[in-house]
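Step one of this worksheet: look at the structure below.
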Amino acid sequence: MANKQRDLAELSVRQLRSRRRRLARSLADPETTLRGALLNQQRRCGKPGCRCATGELHGPYTYLSVGRSAGQARLLYVPAAIADAVRRRVELTEVAEAALAAISAINLELLARRELEP
Ligand SMILES: [Zn+2]
């Protein structure tokens, strides 16, 4: 991050604005936003005599972990039929959030130079 800030300081106002425009255009449709982390887990069903009781677990199944920290995380089951779509949304959301952070860093740099548009 410190490197990034130094990079921005070396760019002209025109370059900063052009980079900001590129980042803004790269943003996905906000309606697809989905925050979380996908993970695969195997499960024990609990039925007596099931193969999982002897260690041969069911799955793996896909879950979306949502929540700010591990302690508050909640797991949502993701049906296999939509797992790829969910994965794409989560990845696009990560890219979009990185782009928003980069746009904010550029705007901070422009503000510091008194070049932020009113
Ligand atoms: Zn079982």
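Restricting attention to segment 30-50, the residues that are in a loop (DSSP other than H, G, I, E, B) and near the ligand (Cβ under 10 Å from one of its atoms) total 7. The criterion of being outside any helix (DSSP H, G or I), of a type outside the set (S, T, N, Q) and away from the ligand (no atom under 16 Å from the Cβ) does not hold for LEU16. Each residue in segment 74-87 was checked for being exposed (fewer than 14 other Cβ atoms within 10 Å of the Cβ) and not acidic (Asp, Glu), and 8 of them qualify.
Within segment 64-85, the residues that satisfy the criterion of being farther than 21 Å from ALA96 by Cα and either in a loop (DSSP other than H, G, I, E, B) or touching a strand residue (DSSP E or B) at 6+ places or on another chain (Cβ under 8 Å) (or both) are ALA73, ARG74, LEU75, LEU76, TYR77, VAL78, PRO79, ALA80. Within segment 10-26, the only residue that satisfies the criterion of being touching a residue at least 40 places away in the same chain (Cβ under 8 Å) and hydroxyl-bearing (Ser, Thr, Tyr) is SER26.
Residues checked against (1) more than 16 Å from the ligand (Cβ to nearest atom); (2) hydroxyl-bearing (Ser, Thr, Tyr); (3) in contact (Cβ under 8 Å) with a residue 60 or more places away in the chain; (4) part of a helix (DSSP H, G or I):
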{"site": "LEU8", "(1), (2), (3), (4)": "yes, no, yes, yes"}
{"site": "ALA28", "(1), (2), (3), (4)": "yes, no, yes, no"}
{"site": "CYS52", "(1), (2), (3), (4)": "no, no, no, yes"}
{"site": "THR62", "(1), (2), (3), (4)": "yes, yes, no, no"}
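Condition check ((1) hydroxyl-bearing (Ser, Thr, Tyr); (2) in contact with a Ser or Thr (Cβ under 7 Å, 6 or more places away or on another chain); (3) modelled with pLDDT under 95) across all residues:
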| position | (1), (2), (3) |
| --- | --- |
| ASN3 | no, no, yes |
| LEU27 | no, no, yes |
| GLY46 | no, no, yes |
| THR54 | yes, no, yes |
| SER69 | yes, no, yes |
| GLN72 | no, no, yes |
| ASP84 | no, no, no |
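The values are calculated or read from the model by the stated rules, or taken from the named source; none is laboratory data. None of these values were measured; they are calculated from a predicted model. Counting neighbours? That spans all protein chains shown, and the Cβs are built from the backbone with ideal geometry, glycine included.
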